[in-house]
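Working notes, structure below.
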Amino acid sequence: MKSIAIVTGASSGAGREFVRQLDAGIGGPISEIWVIARRQDRLDEVAASCTTPVRTFALDLTDPASFDVVSEALEAEPSANVQWLVNSAGFGKFGEFGTIGERGNAGMVRLNCLAVVEMCYRCILYMHAGSRIINMASVAALVPQPELTVYSASKRFVLDFSRALDAEMGGVGIHVTAVCPKFMDTEFLSKPGDPEAVKHMTFIGFEKPANVVGTAIRSAIRGRSMCVPSPDMKVVHVASKVLPTRFVMAAERVLGDWASRDLT
Ligand SMILES: NC(=O)c1ccc[n+]([C@@H]2O[C@H](COP(=O)([O-])OP(=O)(O)OC[C@H]3O[C@@H](n4cnc5c(N)ncnc54)[C@H](OP(=O)(O)O)[C@@H]3O)[C@@H](O)[C@H]2O)c1
């Protein structure tokens with residue numbers, strides 16, 4: 001069987017780091033890595049940096065035709081075993097809902113939610129006991145985030161979808177892990193929308209993509225349905241389960257106001 005790792009969002013940030021660590025063998029032996037994103041030149045750079053053979057797919061995952069390209073490529077492999085599927089492609093726009101526009105708001109749902117469902121659906125047909133799916137959610141999934149409204153809702157979808165799918169597939173040895181990192185210093189924040197909203201939320205701090213990805217891969221190997229890599233966000237996770245949502249949202253607002261206050 002040809003053991004394949006498929007990574008979306010592989011041209012940058014966490015996706016690129018997943019490719020690096022899977023290529024290094026952290027997730028076990030792999031025959032080929034398939035990398036997906038829109039920028040071909042970046043995918044070529046990623047491919048050149050790997051020792052495992054890499055196949056590049058320059059695809060826009062908000063275009064429904066892209067998933068047929070993936071399905072056709074898998075169909076053409078007589079013995080494909082999708083050992084890893086990592087859905088890392090995603091983006092977030094900060095700011096008031098009404099100011100973000102259709103491309104931003106609906107685009108987040110298309111990429112962060114619909115593309116994850118499509119990729120899982122297309123790839124599960126080629127998975128076997130031991131295969132793993134990692135879906136990048138966010139700590140924004142834990143509590144509704146005003147001024148990151150669609151993004152936080154899209155990541156809640158990823159979290160709930162992953163946990164339910166894990167429960168469905170766990171019986172046949174296929175596990176799905178939703179990863180909830182806090183901020184990472186990647187291209188994610190290069191065109192984020194409203195800078196004030198960004199300032200208001202990034203007070204929670206940043207994590208290193210390498211740590212997030214390593215923790216995510218280890219959690220997936222253990223068959224965990226959810227991974228919150230940062231210790232302080234584990235506390236937020238517990239608080240979000242035991243305290244009223246209204247209270248946690250208000251506390252976040254107060255902390256955000258305090259952290260982003262103008263000290264001049
Ligand atoms: N960075 C953070 O603070 C943070 C925190 C929590 C969760 N996350 C989540 O973690 C994941 C990875 O984010 P990151 O930090 O690595 O961001 P990033 O550096 O901006 O990477 C995003 C990746 O998605 C790809 N992408 C964007 N639009 C696409 C489209 N329409 N079709 C196909 N690929 C597309 C980009 O490649 P191309 O531009 O080449 O298409 C890029 O490879 C995302 O799901 C994000 O929501 C990020």
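What the table shows:
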{"read-out": "Estimated dipole of the range 1-112 in Debye, rounded to 20 [Cβ of Lys and Arg +1, of Asp and Glu -1, Cα centre]", "value": "280"}
{"read-out": "Nearest-ten-degree value, helix 13-23 long axis tilted from longest Cα axis of the chain", "value": "30"}
{"read-out": "Net dipole in debye of the chain [+1 Lys, Arg Cβ; -1 Asp, Glu Cβ; about Cα centre; nearest 20]", "value": "700"}
{"read-out": "Whole-percent carbon and sulfur share, accessible surface of the range 12-156, 1.4 Å", "value": "53"}
{"read-out": "Probe 1.4 Å - accessible area at LEU114, Å² to nearest ten", "value": "100"}
{"read-out": "Inter-label distance, nm, simple model (7 Å from Cα along the C-beta direction), ARG224/VAL69", "value": "3.4"}
{"read-out": "Contact order relative to length of the range 2-259, as percent, for alpha carbon pairs under 8 angstrom and 6 or more apart", "value": "18"}
{"read-out": "Extension reserve of the SER260-THR245 stretch, reckoned as 0.36 nm per residue once the Cα distance is removed", "value": "3.2 nm"}
{"read-out": "Distance in nm between pseudo-label sites at ARG103 and ASN211 (7 Å out along the Cβ direction from Cα)", "value": "3.6"}
{"read-out": "Top positive-direction residue, dipole computed over the chain with Cβ charges, set MET169, GLY90, LEU43", "value": "MET169"}
{"read-out": "FRET efficiency for GLU96 and ASP160, using Cβ-Cβ distance with R0 set to 35 Å, rounded to 0.05", "value": "0.90"}
{"read-out": "Two-decimal Rg/Rh across the range 1-73, once Rg and the Kirkwood Rh are taken from alpha-carbon atoms", "value": "0.95"}
{"read-out": "Acute angle (nearest 10 degrees) that the helix 115-124 long axis makes with the longest principal axis of the chain, alpha-carbon atoms", "value": "30"}
{"read-out": "For the range 123-196 and the range 224-262, distance of Cα centres in Å", "value": "17"}
{"read-out": "Top positive-direction residue, dipole computed over the chain with Cβ charges, set ILE217, LEU22, ASN135", "value": "ILE217"}
{"read-out": "For the range 149-224, the Rg and Dmax computed from alpha carbons only, in angstrom", "value": "14.9, 47"}
{"read-out": "Normalised convex hull volume, the chain, alpha-carbon set, Å³ per residue", "value": "125"}
{"read-out": "Neighbour cut-off at most 15 other Cβ (10 Å), DSSP loop, chymotrypsin sites (Phe, Trp or Tyr not before Pro), the range 131-205", "value": "none"}
{"read-out": "Computed magnitude of the charge dipole of the range 213-264 (debye, nearest 20; Cβ of K, R +1, Cβ of D, E -1)", "value": "360"}
{"read-out": "Kirkwood-based shape ratio for the range 51-123, expressed as Rg/Rh from alpha carbons", "value": "1.06"}
{"read-out": "Probe 1.4 Å, accessible area per residue of the chain, Å²", "value": "47"}
{"read-out": "Extension reserve of the ALA48-LEU125 stretch, reckoned as 0.36 nm per residue once the Cα distance is removed", "value": "24.8 nm"}
{"read-out": "Linear extension gain, ASN81 paired with GLU32, 0.36 nm per residue minus alpha-carbon span", "value": "16.6 nm"}
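The values are calculated or read from the model by the stated rules, or taken from the named source; none is laboratory data. Note that this is a predicted model, so its numbers are computed, not measured. All Cβ positions, even for glycine, are placed from backbone atoms using ideal geometry, and neighbour counts span all protein chains on display. SASA here: full protein model, heavy atoms, side chains in, ligands and nucleic acids out. Shrake-Rupley method; radii C 1.70, N 1.55, O 1.52, S 1.80 Å.
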